1. Can you give me the solvent accessible area of E29 with a 1.4 Å probe, rounded to the nearest 10 Å²?
2. When ligands, DNA and RNA are left out and all protein chains stay put, how many square angstrom of accessible area per residue does the range 116-156 have with a 1.4 Å probe?
3. Distance between Cα centroids, the range 125-152 to the range 19-85: provide it in whole Å.
4. Mind checking which of A10, Y126, A52 is farthest towards the positive end of the chain's charge dipole, using Cβ charges of +1 (Lys, Arg) and -1 (Asp, Glu) about the Cα centre?
5. Under the √(5λ) rule applied to the eigenvalues of the Cα gyration tensor, what semi-axes describe the equivalent ellipsoid of the range 28-155? Give them in Å, descending.
6. Work out the length of the dipole vector of the chain about its Cα centre, built from +1 on the beta-carbon of each Lys and Arg and -1 on the beta-carbon of each Asp and Glu, and round it to the nearest 20 debye.
7. Quick check: the angle from helix 95-112's long axis to the longest principal axis of the chain, C-alpha only, nearest 10 degrees?
8. Find the eigenvalues of the gyration tensor of the Cα atoms of the range 93-173, then list the square roots of 5 times those eigenvalues as equivalent ellipsoid semi-axes, largest first, in whole angstrom.
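The values are calculated or read from the model by the stated rules, or taken from the named source; none is laboratory data. Just so it is clear, the structure is predicted and the values come from calculations on it, not from any experiment. Note: ideal-geometry Cβ built from the backbone for every residue, glycine included; neighbour counts use all protein chains shown. With ligands, DNA and RNA removed, areas are computed over all heavy atoms of the protein, side chains included. Shrake-Rupley method; radii C 1.70, N 1.55, O 1.52, S 1.80 Å.
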Amino acid sequence: PITGPPMTQAMTTTQALAYFDDLEPVTVEALLGEWEGTEIATGHPMEGMLAATSWYGKTFHSADAVDPLVHLNAGGKRFCVNPALMPIQLGLRIPYVRQVTPVVFPLLRPFLATRKPKARLRMMMYRGKLGAAMIYDAKPIIDIFRKIDDKTVLGLMDQRGDDVPYFFKLSRV
């Protein structure tokens with residue numbers, strides 16, 4: 001069994017990377033299906049941004065059809081967001097954007113929503129292990145996954161220009 005910090009409490013990026021490196025990679029096939037997500041607190045500048053948009057998780061329909069950003073509306077219904085329209089860098093640079101996001105995001109939903117997949121899965125070598133990675137269609141972002149157990153994976157978001165990765169956990173629905 002893997003030892004390391006529990007994934008329910010805050011940890012440093014160094015601790016999260018060590019935990020990630022100890023986990024086994026997953027295959028593309030193992031990721032297929034619906035997953036509910038939660039962020040892992042490491043002090044990353046993006047912390048809280050997904051929660052502010054009512055992020056639900058990800059849906060992996062096939063290797064070539066992934067909904068990378070599944071959110072919940074006020075009624076609890078799921079909808080997919082086009083990542084190309086999400087101003088991630090703006091939110092990282094201007095703290096005020098994060099504060100108004102819970103109010104503005106629901107108003108922008110009709111413009112941000114999509115019914116088309118916006119990412120794909122491929123096997124990729126990362127930190128010495130070959131495993132499943134999700135590649136965004138229109139953002140310089142790759143999410144890499146490692147297996148915590150049969151129903152849970154740890155995700156690491158590698159975004160071009162970031163000094164440190166953003167961590168999240170996915171649980172099979």
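1. Accessible area, nearest 10 Å²: 130 Å².
2. On the way: 1930 Å² over 41 residues.
Computed with neighbouring chains in place, this is 47 Å² per residue.
3. The range 125-152 and the range 19-85 have Cα centres separated by 12 Å.
4. A52
5. Values: eigenvalues 119, 57, 39 Å².
In descending order the semi-axes read 24, 17, 14 Å.
6. Working: 20 positive and 17 negative charges, 115 e Å.
About 560 debye.
7. 80
8. Values: eigenvalues 139, 53, 42 Å².
Three semi-axes, in Å: 26, 16, 14.
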